[in-house]
């Protein structure tokens with residue numbers, strides 16, 4: 001029972017979504033909308049599970065003085081401050097929640113995002129080492145694309161005598177565009193097509209109950 | 001004298017030029033038809049605009065009401081070329097007029113035209129997708145049967161998945177935890193579902209080896225599913241005592257808040273093995289580089305093409321696109337799952353052949369007309385709205 005009920009729900013919901021994609025006639029669109037509405041309802045209700053889990057884990061950490069417990073009060077105070085200010089005064093403009101969100105949450109998010117620039121530099125440094133011919137090819141392509149995406153690439157090209165008057169006065173940006181539009185696009189599409197087929201195959205495995213490990217357990 | 005004549009001519013020339021430039025745009029060729037590929041209850045009205053620059057002020061669509069009069073059902077800007085009337089009864093005929101307004105007056109009237117709304121049983125823009133799905137499902141079902149019959153199915157080695165045991169074993173030897181990050185999307189995302197499937201396999205190994213498994217999640221539904229999946233894996237491995245629900249915990253729904261939280265866990269707990277499997281966006285490199293900085297062996301996987309280069313640069317192993325979805329079958333070695341994987345591979349081979357034929361036909365079409373028909377057929381087959 002514990003296995004067959006979830007399998008039956010998966011099969012019915014999966015088949016409804018497949019059928020409503022191909023059959024526009026009622027009742028399939030209505031059923032498809034219904035399944036999606038149910039997901040939204042379940043997901044919205046489940047947010048309380050997340051909140052309870054967050055509080056339970058951190059309160060337990062403080063109570064048992066677990067390792068790094070000192071961070072937990074910060075989390076709890078932060079959560080309660082946002083929660084209480086949102087419930088008490090609302091979340092519209094000119095409210096404490098709005099102020100806290102814009103003055104604290106947004107800058108902290110932006111700070112994390114800005115770290116990406118440094119991580120890109122360190123990852124690129126490793127990735128672009130000319131250790132073999134394929135890495136060298138990658139390095140050369142990346143160099144050309146980066147050069148072609150900034151004005152100085154074409155400026156350098158046009159310094160070469162006769163280049164500005166040639167049939168390709170913006171050769172560096174043209175090469176960069178070609179790399180992005182052809183080899184890069186072909187690679188991306190290959191990945192996308194493979195992934196799309198993986199998505200379809202995984203979905204079919206789940207709908208027909210061949211793949212059951214997501215229900216818990218490996219079989 | 002000549003100057004005066006010229007001066008007199010200028011306004012006349014300008015007026016003629018203005019008249020030519022302000023050529024009125026006519027509304028013509030009004031047509032009404034059942035709105036295609038829908039559940040019915042809608043009629044599409046289309047009209048064309050003639051050449052010119054002086055567009056009408058507005059275009060009003062009127063429908064014949066049950067009492068025989070006309071009621072306005074839509075007012076469109078003068079540059080529009082169609083409208084859709086919805087909320088209609090299927091099987092009943094509806095008549096329409098279109099009025100063109102200029103300077104506050106009705107400049108022209110088109111119609112009446114009529115159409116009968118109806119529901120369609122097959123989305124005509126998606127039948128190609130249906131054919132593809134049937135072919136794919138056919139190959140998968142065939143190879144599942146072959147797997148069940150005990151046929152030896154060769155699946156190429158996927159280094160990232162072969163390394164799962166090594167990664168968990170390394171964590172056990174070092175006495176450090178395994179960190180599993182299932183991405184930032186919810187359970188309605190197929191990559192998250194695939195990640196949950198792999199989590200079950202990884203949890204079975206951590207249960208067997210006795211390594212702590214940490215799973216920080218960013219969605220409440222993912223939290224519930226992760227807890228169930230890990231708990232069942234520990235039960236099946238005969239180690240229910242080793243399962244700790246507190247190790248699977250919710251952080252935040254916020255993308256960079258989640259990235260900050262996971263980074264903090266990496267730095268504090270110093271996991272020996274990190275799995276980054278699921279849907280990732282801009283946080284992918286932030287997580288992977290931090291994981292690398294703590295010296296963890298990292299296995300990443302996603303079907304997001306824009307994030308794959310980051311994972312490849314920063315992680316030890318990367319599951320590229322479809323490999324993420326193949327992981328469950330590969331790790332379980334169960335004949336039915338391996339059969340479905342083999343079927344998927346053979347279907348892929350078939351579609352590669354179709355793509356090559358399509359590209360060749362399209363290229364040859366410039367020199368040999370029949371090749372264009374082949375290319376058009378393949379384009380029709382693969383076009384999905």
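Structure above, values below:
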item: Residues that are under 30 Å from the mean Cα position of the chain (by Cα), more than 9 Å from chain A (Cβ to nearest Cβ) and not in a loop (DSSP other than H, G, I, E, B), drawn from segment B:164-197; result: B:164, B:179, B:180, B:181, B:182, B:183, B:192, B:195
item: Number of the condition not met by residue B:379 [criteria: (1) surrounded by fewer than 13 Cβ atoms within 10 Å (Cβ to Cβ); (2) within 21 Å of the chain's Cα centre (by Cα)]; result: (1)
item: Given (1) at pLDDT 85 or above; (2) over 30 Å from residue A:20 (Cα atoms); (3) in a loop (DSSP other than H, G, I, E, B), number of the condition residue B:36 does not satisfy; result: (2)
item: Residue match in segment A:63-71 (condition: over 24 Å from residue B:284 (Cα atoms) and touching a helix residue (DSSP H, G or I) at 6+ places or on another chain (Cβ under 6 Å)); result: yes
item: Any hit, segment A:82-104, residues being out of contact with any strand residue (DSSP E or B) (no Cβ under 8 Å at 6 or more places or on another chain), within 10 Å of another protein chain (Cβ to nearest Cβ), in a helix (DSSP H, G or I) and surrounded by 15 or more Cβ atoms within 10 Å (Cβ to Cβ); result: no
item: Unique match (being touching a residue at least 12 places away in the same chain (Cβ under 8 Å) and within 14 Å of chain B (Cβ to nearest Cβ)) among A:142, A:135; result: A:142
item: Test: residue in segment B:348-370 that is within 11 Å of chain A (Cβ to nearest Cβ) and closer than 23 Å to residue B:188 by Cα; result: no
item: Scope segment B:120-176; condition within 30 Å of residue B:43 (Cα to Cα) and in contact (Cβ under 8 Å) with a residue 40 or more places away in the chain; matching residues; result: B:120, B:123, B:124, B:125, B:126, B:128, B:129, B:131
item: Residue among B:311, B:325 that is more than 8 Å from chain A (Cβ to nearest Cβ) and at negative phi; result: B:311
item: Single match in B:343, B:358 (criterion: part of a helix (DSSP H, G or I) and closer than 16 Å to residue A:195 by Cα); result: B:343
item: Scope segment B:314-324; condition at pLDDT below 90 and part of a helix (DSSP H, G or I); matching residues; result: B:322
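Table: residues versus (1) at positive phi; (2) buried (at least 16 other Cβ atoms within 10 Å of the Cβ); (3) assigned to a helix (DSSP H, G or I); (4) at the interface with chain B (Cβ under 8 Å from one of its Cβ atoms).
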| site | (1), (2), (3), (4) |
| --- | --- |
| A:8 | no, no, yes, no |
| A:25 | no, yes, no, yes |
| A:32 | no, yes, yes, no |
| A:58 | no, yes, yes, no |
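The values are calculated or read from the model by the stated rules, or taken from the named source; none is laboratory data. The structure displayed is predicted, hence computed values, not measured ones. Don't worry about glycine lacking a Cβ; one is built from the backbone with ideal geometry, like all the others, and counts go over all protein chains shown.
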